[in-house]
1. Within the stretch 315-353, how many residues turn out to be of a type in the set (Asp, Glu), open to solvent by 10 Å² or more (accessible area, probe 1.4 Å) and either touching a Leu at 6+ places or on another chain (Cβ under 9 Å) or within 21 Å of residue 51 (Cβ to Cβ) (or both)?
2. Being modelled with pLDDT under 95 and open to solvent by 20 Å² or more (accessible area, probe 1.4 Å) narrows it down to one residue among 138, 131; which is it?
3. When the residues of the stretch 255-283 are narrowed to those that are modelled with pLDDT of 95 or more and charged (D, E, K, R), which ends up surrounded by the fewest Cβ atoms within 10 Å (Cβ to Cβ)?
4. Would you point out the residue of the stretch 364-407, among those that are among the polar types (S, T, N, Q) and over 16 Å from residue 321 (Cα atoms), that is nearest to the chain's Cα centre (by Cα)?
5. Among the residues of the stretch 236-252, count how many are at pLDDT below 90 and either under 11 Å from residue 280 (Cβ atoms) or within 18 Å of the chain's Cα centre (by Cα) (or both).
6. So which helices (runs of 4 or more DSSP H) stay within the stretch 198-296 end to end and still have 3 or more residues that are out of contact with any Pro (no Cβ under 9 Å at 6 or more places or on another chain) and farther than 30 Å from residue 149 by Cβ?
7. Search the stretch 386-423 for residues being among the charged types (D, E, K, R) and assigned to a loop (DSSP other than H, G, I, E, B), and hand back the single one that is least open to solvent (accessible area, probe 1.4 Å).
8. Look through 84, 29, 99 and report the one residue that is open to solvent by 80 Å² or more (accessible area, probe 1.4 Å) and within 25 Å of residue 157 (Cβ to Cβ).
Amino acid sequence: MGKLTVLRQYAEEYWLEHWGYKLMPARQQRFIGKLRKRGRVKVAFFVLDVAMWKYQGLYEQLQADARFETFIVLSPSNNHSHEQQVYDLQHMRAYFDAQKMAYIDWRLEDGAPPPDVRRSINPDIVFYTQPYHGAYHPKHCFLQFTDRLLAYYPYAYLLIEDPYIYDGPFLNIAWKLYYYDRFSLQNARQFARNKARNVVVTGYPNADVYMQDAPSTAWKDAGHSKKRLIWAPHFTLSNDGSPFSRSNFLDLCDFMPQLAQRYRDQLQIAFKPHPSLMRELCNHPQWGKERAEAYYRQWADMPNTQLELGGFVDLFRGSDAMVHDSGSFVIDYMYFNKPVMYIAKDIERTKRQGNQLSRMAYEHHYIGKTQQDITDFVEKTVLGGDDPLKEARLSFRNEYLLPANGKSVARNTYEDMIASLGL
């Protein structure tokens, strides 16, 4: 991608963000008028990695409707290294193959260019998993499809009240933003330039999967002879007070393997790092690629630990507890009503940076600052079974986290699409 192309892309984004978004509703309605005459709608889903695939339920709804033709496009993050992109591709292929779902591949490891979706599919509706500039290869960027209908499920439960989350070129020009609840709608009305004209509250897409009663096969301790604890560190390696800087990894990276060793007969620990942590460690002056890879291997090889780099739903379902400092998991883990400790040096600062729902969710976490706090949580709650927040967590989930209208999130989304398209 040449310098001139990059400049043109930034210029187009700037125009869309500041003025062009005002023209999009009329443009989209004209396009919808053409779709109604044609009767068959092509829908493309761009997938960055398995963990961010939130469209399974909606995909199945559309597949069952003969008026829609669906396509899955494998498109690993443009922000990741070539090695990480290949890894993500392999995991996506394995996942969709296991689901017997067809997809458009990208043979990146063979030096192949990204599939030209605009030419081969020419989709009418394009769903993305991230709305940010540079997340996708330029061939797959939303700027390639501004004359079509762009749509989006947030890839995680985004809890920060900040314009970065709710305002931006994609978010302002998209046809539909399917958000989780009234809190995210309020934030969009406050921060977005288009005042959330394209937001529809359907529920959190993960809820459809979380609430399923299914067995877990993610754990090495298949017989569940030990208590199962997840450690899920965020990828940022600083803790300077900014909204996206909350990491405690450097303080805990030596301690957590020691904890696993200390409780090797009682505890199975899964290391579930943020997908971007490896990249940050490789770029860190005191780490680098060799040390980072050795650290990950340690978690994969110890007898009572495991390394988890793919999806997390099965892992959560089979776990007994979690320790983390990841923003999105603050809500995600609440669906499973299991004890969880959030690590924060200043929890009040963290709460101030979050939205109303997150502030309520933190009240249903055990809060830790130090290594001793984690040890106490393991001994008293994980191993000892003392969990005084259990009933309050269940009430919180049932009141605030279940999908709207008594239907699945996928069904709510599908019905809104049908109504909005006039099919």
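The values are calculated or read from the model by the stated rules, or taken from the named source; none is laboratory data. Just so it is clear, the model here is predicted, and its values are computed rather than measured. Glycine gets a Cβ as well: all are built from the backbone with ideal geometry, and neighbour counts include every protein chain shown. Side chains are part of the model used for accessible areas, which takes the heavy atoms of the whole protein and leaves out ligands, DNA and RNA. Shrake-Rupley method; radii C 1.70, N 1.55, O 1.52, S 1.80 Å.
1. Number satisfying all stated conditions: 1.
2. 138
3. 265
4. Taking the stretch 364-407 first, the residues among the polar types (S, T, N, Q) are 370-372, 375, 381, 395, 398, 405.
Filter once more, keeping what is over 16 Å from residue 321 (Cα atoms): 370-372, 395, 398, 405.
Details: 370: 27, 371: 28, 372: 30, 395: 24, 398: 22, 405: 24 Å.
Among those that are among the polar types (S, T, N, Q) and over 16 Å from residue 321 (Cα atoms), it is 398.
5. 8
6. Hits in the stretch 198-296: 255-262, 277-283.
7. First, pick out the residues of the stretch 386-423 that are among the charged types (D, E, K, R): 386-387, 390-391, 393, 397, 399, 407, 411, 415-416.
Still in the running and assigned to a loop (DSSP other than H, G, I, E, B): 386-387, 407.
Details: 386: 69, 387: 33, 407: 84 Å².
The extreme case among them is 387.
8. Details: 84 fails: open to solvent by 80 Å² or more (accessible area, probe 1.4 Å); 29 fails: within 25 Å of residue 157 (Cβ to Cβ).
Matching residue, one of 84, 29, 99: 99.
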